[in-house]
Amino acid sequence: MPQNSFNIDTKYAQDRRRWHHIDADGQVLGRIATRAAVLLRGKHKRFFSTSVDCGDFVVVTNAGKVKLTGNKIEQKFYF
């Protein structure tokens with residue numbers, strides 16, 4: 001059985017964008033960043049294509065209350 005591939009239409013991808021809200025209060029910084037990156041790129045969608053912008057919109061609130069692990073508070077500067 002042959003496998004067929006297809007290219008997603010840009011208009012189709014743009015019409016199916018959604019808004020996502022991430023509350024960063026007490027969550028680990030790296031995990032939030034990874035989840036936001038997947039949503040922004042659109043890799044969670046079944047019609048993902050690297051050549052088409054099919055990512056969603058992401059809003060992160062309470063970023064000042066994010067949890068940093070290890071010695072990142074003393075060793076790094078976040079702005």
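The values are calculated or read from the model by the stated rules, or taken from the named source; none is laboratory data. Just so it is clear, the structure is predicted and the values come from calculations on it, not from any experiment. FYI the Cβ positions are ideal-geometry reconstructions off the backbone, even for glycines, and counts take in every protein chain you see. With ligands, DNA and RNA removed, areas are computed over all heavy atoms of the protein, side chains included. Shrake-Rupley method; radii C 1.70, N 1.55, O 1.52, S 1.80 Å.
Key figures for this structure:
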quantity	calculated
Ordering of 40-47, 6-13 by packing [mean C-beta count within 10 Å, highest first]	40-47, 6-13
Simple label model, 7 Å out from Cα along Cβ direction - N4 to I73, nm	5.7
Those lysines that a straight Cα-Cα span of less than 19 Å connects to K67, excepting residues fewer than 8 apart in one chain	K76
Rotationally averaged projected area of the chain (alpha carbon convex hull; nm²)	7.7
Computed [θ] at 222 nm, helices only, for the chain once each DSSP H run of length n ≥ 4 contributes -39500 (n - 2.57)	-7500 deg cm²/dmol
Cα long-axis angle, helix 29-41 against the chain (0 to 90 degrees, to the nearest 10)	20
Spin-label model distance (nm) - T50 vs Q14, 7 Å beyond Cα toward Cβ	2.4
Accessible surface ranking that places the most exposed of T50, T34 first, with a 1.4 angstrom probe	T50, T34
